Every structure is written in structure tokens, then in C-alpha cells.
Amino acid sequence: MTLKATPLNSAHRSLGAKMVDFGGWDMPVNYGSQIEEHNAVRNDAGMFDVSHMCVVDLKGANVRAFLRGLLANNVDKLQVPGKALYSAMLNPDGGVIDDLIVYYFSEDWFRLVVNAGTAEKDVAWMTQQNEASGAGVGITQRRDGNDPIALIAVQGPNARTKVWQVLPGTQAASEPLKPFNVVIVPDTPFGEVMVARTGYTGEDGFEVGVPASQVEALWNAFAAAGIKPAGLGARDTLRLEAGMNLYGQDMDESVNPLDAGMGWTVDLVAERDFIGKRALLAKGQQANFVGLILREKGGILRAHQKVIAASGNSGEITSGTFSPSMQQAIALARVPLDVAVGDTVHVEIRDKKLAASVVKLPFVRNGKVLAS
């Protein structure tokens, strides 16, 4: 199988990146030291190629009504142009087709950013629902074809300042942005640029959308400004410390979002109906989604390890790693409802049962360790 490549593929290779198959994409896992890349984001500024993710523009008079029924979170929360919302798109059984961010630009233009590996499935599902509802929404994916948009995430305490050094024309428009807001700056040296104060690391920063033809020049300019390239390895340890789910690992179409720590992204209160609502109301929450810190030596926490509660009931780890910021083994886990923050559970690691503490997520946010 030929791997797909982002417009930054040659830039990664020229930097000596270790490349891996990531859901069918040829992507950098690191450029040398994954720990240095992680720490750069926590302490200064790092950047990630996220052009494998897919921008999808939805346009038309009925876009808001269409998204009301498509998404589990309520797009009626988006009333001011430039606001963004995190949501899940569910199947009729309440399973997570994908998690995504929706940006509101105008009543006839909303933009979604969906995950790389699910993009084709997502667009096909949206198209099917659009046709079934007769909404008449124009659905255009912007990763391939004409006028593609590439994405760079610049994250860290100094990320915004360094982006403004490279893109001074964006500062006036983006400096007032609060988190989960976006602005489009039409005229920069790199063309029209989307600047969103969103990210996947638990640090401040921007996700920058730029014409694919300009992304390598922008990447090189960011690097010259002292923004450290970072790969998938650091992205995973950062997002896990921040308690952020990874699609396909912490949830998928077989998982109820209420059981994946995503209850805050599901609006079951408003009168509107949405795909999967009936199933969620019928099933309710059946598990807790928590953080774990390993308290005994002798193992690393990994996905699919069994978690045993004091009651004897069991769950499993969905994501695990060794935290560079905490210097401890940490994990996200789906556990029985009788497990609460402060409890001690045991994790089966090979032939051992090692003690771990149940903690409130996130572990780390804005450079500060919050769980201990």
C-alpha cells in the first residue's frame, strides 16, 4: 500500500525525521529526541504537521439546522462568528463516528476539522445524512483537490508570540481571541491564513491553516523563528498528559461518548434531536473515564491492560505512557462506575498486579502538573 503524504513530507525528510505509517499516512514520529520535542512544547514552542487532518467546509442556508441533527454537541452555542465547539458525531447506536472541532463563520458557512483516518468515512456519512434530510448543504473537503488547506499546530507558552513574529499581519486579528475561537486573515505573505486558538497539547497556541502551496515556506519560517518541529511521539505524550482522547484508541464506533469522558461534549438537555440521542438516553453512562498514576515500579501503563477495582469489577486502560513532565507512568482508563477519584486500583502488567491511583484529569495543563 502506498502511504499518503502531506505537503510537508519532504520537509520532514530533510530534517532527518523518523517516519512511520500512521493510519495510512507517512508521518514523522520524531526528529531526534522525542523528550526534547515534548519539553519544547511545555516550556517554549513546538510545531506539528497536522495536514493529514481534514478541513471540511459546509455551506448553505440550512447548515445550522443540518449540524443540529448531525452533532452531539449543540451548534446553537455558536452565535458569534469565530466561535468554535468540540463535538462528537455519533451513529444511531450512540457510538463515536469521530470527534471533531466545528468553527462558525456565518449562518451559511461552518467549517469542521476531522481526524485523518476517519475523513473519508466522515464525509461519506455527512453526505448520506445531507441527502437523507434534504438539507441541500454543500460539503467540500479541503485536504485534496482544488484549493487544499494545510495545517500546522504551533503549541506552547511562547507559541502565539512566535507565530506573530512570522505572521505580523495576524496579530491584530488573533491577539484578542479567547481559546476556542478562530479568525481568517485574508492577506498575508503566505496567502489567506486561518488562525484558531485551539490545540491538542494542553498548552496555549494556534492551529494555523494555510494554502497547501505555501505550507512548506511557512514551516521553514516558523523553524527559523525558533519553533521546534515535533512529531507524533511528543504529540501523544502531550495529549495524554492533557487528558485528551485519541480517536480509535480511547473511543470509536463501539464506545458511548458518556463512557469516554466526553459527556461535556454531549447536549442531552436541549429539545433538539440528533443522531444517537435516543441510544444515549436509553443506555446512559455505564463506565467512568479516569486518569491513573502507577504507584509501584516494575511496569509501564499501556492500552488494553486490565484494571481491577477494589470491588473486583474490572475495566481497561485505553492509553498509557511514561509522562516526561511528571516522570511517572500514567494512563487514561475506562473503569467501572464504582471507581472514584482517590481510589487505588490494580493494573495487570504481565504476571503482576501493580497498584495505581485514580486521579482527576488532566494530569498537566499549561505547563503545570495538576495530578499527583
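So here's what we get for this one:
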{"item": "Potential lengthening between Ala65 and Ala310 on full extension [0.36 nm per residue; Cα-Cα distance subtracted]", "result": "83.5 nm"}
{"item": "Residue-by-residue Karplus 3J(HN,Hα) for region 92-102, coefficients 6.51, -1.76, 1.60, Hz, glycine and proline x", "result": "x, 7, x, x, 8, 5, 6, 10, 7, 10, 10"}
{"item": "For Leu301, residues with placed amide H under 5 Å, excluding near neighbours", "result": "Thr321, Ile330"}
{"item": "Proportion of all alpha-carbon pairs of the chain beyond 41 Å (%)", "result": "11"}
{"item": "Globularity index of region 186-234, i.e. its alpha-carbon radius of gyration over 2.2 N^0.38 Å", "result": "1.21"}
{"item": "For region 1-42 and region 269-319, distance of Cα centres in Å", "result": "30"}
{"item": "Given charges at beta-carbon only (K, R positive; D, E negative), |dipole| of the chain in Debye", "result": "780"}
{"item": "For region 110-171, projected area of the alpha-carbon convex hull averaged over all directions, nm²", "result": "6.2"}
{"item": "Isotropic mean projected area of the C-alpha convex hull, region 224-372 (nm²)", "result": "11.3"}
{"item": "Region 116-204 - percent relative contact order, Cα under 8 Å, separation 6 or more", "result": "20"}
{"item": "Isotropic mean projected area of the C-alpha convex hull, region 145-223 (nm²)", "result": "5.0"}
{"item": "Segment Ser33-Gln285, extension gain: residue separation times 0.36 nm, minus the distance between their alpha carbons", "result": "86.7 nm"}
{"item": "Helical contribution to [θ] at 222 nm, DSSP H n ≥ 4, -39,500 (n - 2.57), averaged over the chain, rounded to 500", "result": "-6000 deg cm²/dmol"}
{"item": "Intensity falloff of region 1-128 expressed as log10 I(q)/I(0), Debye formula with alpha-carbon point scatterers, at q = 0.14, 0.16, 0.18 Å⁻¹", "result": "-0.77, -0.91, -1.01"}
{"item": "Förster-model FRET efficiency, 30 Å R0, Asp187 and Lys18, C-beta, rounded to 0.05", "result": "0.20"}
{"item": "Projected label distance in nm at Gln165 and Asp44, using a 7 Å step from Cα toward the beta-carbon", "result": "0.9"}
{"item": "Ranked packing of 349-356, 145-152, 49-56, most packed first, by mean Cβ within 10 Å", "result": "49-56, 145-152, 349-356"}
{"item": "Relative contact order (percent, whole number), the chain, Cα cutoff 8 Å, 6+ residue spacing", "result": "18"}
{"item": "Scaled radius of gyration (Cα, divided by 2.2 N^0.38 Å) that region 160-278 gives", "result": "1.31"}
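Where a number appears in this text, it was derived from the coordinates with a stated rule and is not lab data. Please read all numbers here as calculations on a predicted model, not as lab measurements. All Cβ positions, even for glycine, are placed from backbone atoms using ideal geometry, and neighbour counts span all protein chains on display.
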